[in-house]
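Visitor: Handing you a structure now.
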Amino acid sequence: MADRGELGQRKAVVLHTIVEEYVRTGEPVGSETIAERAGLGVSSATIRNEMAALEELGFLSHPHTSAGRIPTDAGYRHYVDTLPARGRLKDVQRKAIASHFAEAILDLEEVLKGSVMLLSRLTQYAGVAVPPGAAEEQLVRLELIDMGPTMMVLAVGQHGRVDKQILDRPEHWSTEAFHGAERKLRGLQGQTYSDSQAKLLELAATVAADEHDLLLMVADVLRLATRGDHATHVMVGGVANLADEAQTWRRETLRRLFETLEREQEMLQVLHDVAADDVSVTIGAEHPTTGGWEASIVTAPFRAGEVNLGMIGIVGPTRMDYLSAMASVRAVAERLSEAATELDQ
């Protein structure tokens, strides 16, 4: 394979025309189509020469049953790397995003779930997100609420995370112990989930048995919030959209993609591998897992102020409308950052 280097202007136009036509139609693109679409003012024979050169450079491939060409992962990468830094949203996309974030925002995790589905609707791919982890999030509210035969532990994090659990009232219980536990919980506001859990275990060792049981109950809720599936997980929405792209994927690669989306920790590792400070695009074989899927992932971080909280994005076929996908992911991530910053204040 020849050195790819920088493409000349004509080769770049031919490549980009092929990418856009293939994304639009799903059919291999021939020289006559390029001559009509690209406005290069050269013959089809000249365009075929350029296509052959692009194939030799590894940017195009040549399906056996067609005279046309389709982009390779490297062809898509060149296309993505030369797109405008900030693509424009369609009016319908802009209105959908504005409408979603116009609603009252009380719980960032619930907003994030809705945003995953919003991205899936905007792009017609699967939406994915990694919400903020709990361990280092500061508590703005930690309460023990008496509900008669049961009690509810309520923890609210600074970024809108809400953890609540209803538990049976401890066998050893008194009004005095309940009020004592309440006072100690108020003193933990502003500390992190993990620090608050450790402090509660220390406090429980110094008080009477009835209050001891109450403090351990709250500590256990915080422990569960920072462990296993509750600590860091992946939200996935709109997976059915991928089935609509079945003609783009072989059945086996689509099956592997669905299986990985269901295995949360594997998907979480993939998303951490592709994370970046801005919109990130991972195409096909650029990652071992996405190469096996013949898929692309577009993600962006969302923040509260300057602090990265998590990421949101989409998974779809390498034959993707990258400009629209990147613009949609960027716009939703920016609005999520505004929402998270507002909750943080």
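Visitor: Would you mind getting me the FRET efficiency between residue 189 and residue 88? Use the beta-carbon distance for r and R0 = 41 Å, nearest 0.05. Each step should come with its number before you reach the end.
Guide: Details: r = 44 Å, r/R0 = 1.06.
That pair, residue 189 with residue 88, gives E of 0.40.
Visitor: So, one more: Provide Rg and Dmax in Å for region 284-345, with only Cα atoms included in the calculation.
Guide: Here Rg and the maximum Cα pair distance are 13.8, 43 Å.
Visitor: Then there is this: Return the sequence-ordered ³J(HN,Hα) values of region 265-281 in whole Hz as given by the Karplus equation 6.51 cos²θ - 1.76 cosθ + 1.60 applied to θ = phi - 60°, using x for Gly and Pro.
Guide: 5, 5, 5, 4, 5, 4, 5, 5, 4, 9, 5, 8, 7, 9, 4, 10, 10
Visitor: Let me ask you something else. Using unit Cβ charges (K, R positive; D, E negative) and no other charged atoms, how large, in debye to the nearest 20, is the dipole of region 176-282 about its Cα centre?
Guide: 100
Visitor: Turning to a different aspect of this structure: How large is the convex hull of the C-alpha atoms of the chain per residue, in Å³? Write down the numbers at each step before the final one.
Guide: Working: hull volume 53.2 nm³, N = 345.
Measuring per residue, one finds 154 Å³ for the Cα hull of the chain.
Visitor: Would you kindly state how much longer the chain becomes between residue 202 and residue 95 on full extension, computed as 0.36 nm times their sequence separation minus their alpha carbon distance, in nm to one decimal?
Guide: Details: separation 107, 0.36 × 107 = 38.52 nm, distance 5.13 nm.
Going from the current span to full extension adds 33.4 nm.
Visitor: Could you please state, rounded to a whole Å, how far the C-alpha centre of region 1-79 is from the C-alpha centre of region 123-180?
Guide: 56
Visitor: Could you go through region 108-115 in sequence order and give the Karplus-derived ³J(HN,Hα) for each residue, using 6.51 cos²θ - 1.76 cosθ + 1.60 with θ = phi - 60°, rounded to whole Hz, and x for Gly and Pro?
Guide: Karplus values, whole Hz, x for Gly and Pro: 4, 5, 5, 4, 5, 4, x, 5.
Visitor: Considering only 196, 99, 280, give the residue with the highest GNM mean-square fluctuation for the chain, with springs between Cα atoms whenever their separation is below 10 Å.
Guide: Looking only at 196, 99, 280, the biggest GNM fluctuation is shown by 99.
Visitor: Another one. What FRET efficiency comes out for the pair residue 168/residue 264, r = Cβ-Cβ distance, R0 = 30 Å, nearest 0.05? Display every interim value, and only then the final one.
Guide: Working: r = 30 Å, r/R0 = 0.99.
With a Förster radius of 30 Å, E is 0.50.
Visitor: Additional query: For the chain, what is the charge dipole size about the Cα centre, in debye to the nearest 20, if Lys and Arg each add +1 at the Cβ and Asp and Glu each add -1 at the Cβ?
Guide: On the way: 34 positive and 51 negative charges, 226 e Å.
Computed about the Cα centre, the dipole is about 1080 debye.
Visitor: Continuing with the same structure: For the pair residue 138 and residue 65, how long in nm is the line joining their label points, each one 7 Å along Cα→Cβ?
Guide: 6.2
Visitor: Once the Cβ-Cβ distance between residue 286 and residue 24 is put in as r, and R0 is 22 Å, what FRET efficiency do you end up with, to the nearest 0.05? Please list the in-between numbers first.
Guide: On the way: r = 23 Å, r/R0 = 1.05.
Given R0 = 22 Å and the Cβ-Cβ separation, E is 0.40.
Visitor: Something else now. What are the semi-axes of the equivalent ellipsoid for region 1-84, taken as the square roots of 5 times the Cα gyration tensor eigenvalues, largest first, in whole Å?
Guide: Numbers: eigenvalues 54, 41, 37 Å².
The three semi-axes for region 1-84 are 16, 14, 14 Å.
Visitor: Within the chain, what's the longest run with no GluC sites (Glu not before Pro) in a DSSP loop and at most 14 other beta-carbon atoms within 10 Å? Give the range, please.
Guide: Numbers: sites that count: 6, 103, 136, 171, 306.
With a cap of 14 other Cβ atoms within 10 Å, the longest stretch comes to 172-305.
Visitor: With a 1.4 Å probe and all protein chains left in place, how much of the accessible area of region 275-334 comes from carbon and sulfur atoms, in whole percent? All intermediate terms of the calculation are to be shown ahead of the outcome.
Guide: Values: 850 of 1740 Å².
Answer for region 275-334: carbon and sulfur cover 49 percent of the accessible area.
Visitor: Please give the helix 251-262 orientation as an angle from the longest Cα principal axis of the chain, in degrees from 0 to 90, rounded to the nearest 10.
Guide: Here the helix axis deviates by roughly 20 degrees.
Visitor: With viscosity set to 1.567 mPa s at 4 °C, what whole-number translational diffusion coefficient in µm²/s follows for region 130-285 from Stokes-Einstein and a Kirkwood radius over Cα pairs? Show your work: numbers first, answer last.
Guide: Values: Rh = 18.2 Å.
Stokes-Einstein gives a translational diffusion coefficient of 71 µm²/s.
Visitor: Same structure again: Treat each spin label as a single point 7 Å out from the Cα along the C-beta direction, and report the residue 55 to residue 145 distance in nm.
Guide: With each label point 7 Å from Cα toward Cβ, the separation is 6.7 nm.
Visitor: Using the Karplus curve 6.51 cos²θ - 1.76 cosθ + 1.60 with θ = phi - 60°, what ³J(HN,Hα) values do you get for each residue of region 324-337, in whole Hz, with x for Gly and Pro?
Guide: Once θ is set to phi - 60°, the couplings for region 324-337 become 5, 4, 5, 5, 5, 5, 4, 5, 5, 4, 5, 5, 4, 4 Hz.
Visitor: Among 326, 235, 152, determine the one that fluctuates most according to a GNM of the chain built with springs between C-alpha atoms less than 10 Å apart.
Guide: Sorting by GNM fluctuation, first place goes to 152.
Visitor: Taking the Cα centre of region 69-144 as origin and charging only Cβ (+1 Lys, Arg; -1 Asp, Glu), how large is the dipole, in debye to the nearest 20? Can you show the working numbers first?
Guide: Details: 10 positive and 10 negative charges, 142 e Å.
Magnitude of the dipole: close to 680 debye.
Visitor: When ligands, DNA and RNA are left out and all protein chains stay put, how many square angstrom of accessible area per residue does the chain have with a 1.4 Å probe? Provide the component values of the computation, followed by the final result.
Guide: Values: 16570 Å² over 345 residues.
With all protein chains present, the chain gives 48 Å² per residue.
Visitor: Give me the percent of accessible area attributable to carbon and sulfur for region 35-168, probe 1.4 angstrom. Before the final figure, lay out the partial values.
Guide: Working: 3480 of 6660 Å².
Ligands and nucleic acids excluded, carbon and sulfur give 52 percent.
Visitor: Between 277, 91, 244, find the one with the highest GNM mean-square fluctuation for the chain; connect C-alpha pairs within less than 10 Å.
Guide: Of 277, 91, 244, the most mobile in the Gaussian network model is 91.
Visitor: Here's another thing I want to ask about it. Taking region 203-345 as the region of interest, what is the percent of Cα-Cα pairs per 5 angstrom bin, listed from the shortest bin to the one with the maximum distance?
Guide: Reading upward from the zero bin: 2, 9, 15, 17, 16, 12, 8, 7, 5, 4, 3, 2, 1, 0.
Visitor: Angle between the Cα long axis of helix 193-204 and the longest principal axis of the chain, 0 to 90 degrees, nearest 10?
Guide: Tilt relative to the chain: about 20 degrees.
Visitor: Run lengths n ≥ 4 of DSSP H only: what is the helix-derived mean residue ellipticity at 222 nm for the chain, with -39500 (n - 2.57) per run over all residues, to the nearest 500?
Guide: Dividing the helical sum by the residues of the chain leaves -15500 deg cm²/dmol.
The values are calculated or read from the model by the stated rules, or taken from the named source; none is laboratory data. Please read these numbers as outputs of a predicted model, since none were measured by experiment. Don't worry about glycine lacking a Cβ; one is built from the backbone with ideal geometry, like all the others, and counts go over all protein chains shown. These accessible areas exclude ligands, DNA and RNA; they are computed on the full protein's heavy atoms, side chains included. Shrake-Rupley method; radii C 1.70, N 1.55, O 1.52, S 1.80 Å.
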